1. Could you tell me which of rounded, prolate or oblate describes the stretch 35-81, using a ≥ b ≥ c as the square roots of the eigenvalues of the alpha-carbon gyration tensor, with rounded for a/c under 1.5 and, failing that, prolate when a/b is larger than b/c and oblate otherwise?
2. For an R0 of 30 angstrom, estimate the FRET efficiency from the Cβ-Cβ distance between Val209 and Lys185 and round to the nearest 0.05.
3. How long is the gain from Arg54 to Val42 if the chain were fully straight, where each residue apart is worth 0.36 nm and the alpha carbon distance is subtracted?
4. Estimate the FRET efficiency between Lys194 and Ala61 by the formula 1/(1 + (r/R0)^6), using the beta-carbon distance for r and 25 Å for R0, to the nearest 0.05.
5. Could you work out the pair-distance distribution P(r) of the stretch 156-195 from its alpha-carbon pairs, with 5 angstrom bin width and percents rounded to whole numbers?
6. Dipole size in debye (nearest 20) for the stretch 38-129 around its Cα centre, Lys and Arg Cβ +1, Asp and Glu Cβ -1?
Amino acid sequence: MNIQPIRLSLLALICCISVHAQDDSEDEYITFNDRKNNVHGVYVGLHGHYGELRGEPVYGASFKIAYVANQRFEIGLSITGFESDQPLIPDTDIDNVVGGGTLGIHLEPIMFSEKRVSLSFPLHVGVGVFTNRILSGPDFDEDFKDREFEDLDPVLVIEPGVSTLFNVSRYLQLEAGIKYRFSGKLNLATSPIKRLNGFTAGFGLKVGVFNMGRNRYKKKLD
């Protein structure tokens, strides 16, 4: 009796059973890559900026805390403030600083976020208070002491801009950019300034976790 065909048939049957079992096992898993899924992030940021107001230097800073959606869009809260030496009404030798700050919403869409260097368009919309801070000088009068509190003026400020983001690591970003500040009308009794409009340029850093996703490739189905 020739048993060679029987052996070949048994070997083929074993192979078929093995392949079928493997297929059933693979059906219990789903393969995926989190790097292609939505990821989340949070950070705190500090930013310093410089500009001009009516020909005089403006120095300022901002602080923000934001949520980052899929490394493509930021939304959060930001606080900005600045001050500038400005003339009084009437023009005197008294040292005077116009300054204040705003609290508002921070929005920032991001392009090319997967690259080492990306481009973003930050927007700050806030409401703040500005005033004259009377210092001292040859013409200083004691009557000016209370002017700082009398001239507090609330105003709406909108600052759109464009920034370059340098993705140093998963936890750190550097940013540099320019903004233009639009403001509502001021009514400071001792200052000729009516609006705070003007360009600013600055540099800052963001510290946090910009990608909280986990790189997992296979998960067993329940």
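1. prolate
2. In this case the efficiency is close to 0.15.
3. The span from Arg54 to Val42 would gain 0.6 nm if fully extended.
4. 0.55
5. Histogram of Cα-Cα distances, whole percents per bin: 6, 19, 15, 14, 12, 11, 9, 7, 5, 2.
6. Here the size comes out at about 720 debye.
Taken together, the values in this text are just the output of simple stated rules run on the coordinates, not laboratory data. Predicted model only: the values in this text are computed from it and were never measured. Virtual Cβ from ideal backbone geometry, glycine too; neighbours counted across all protein chains shown.
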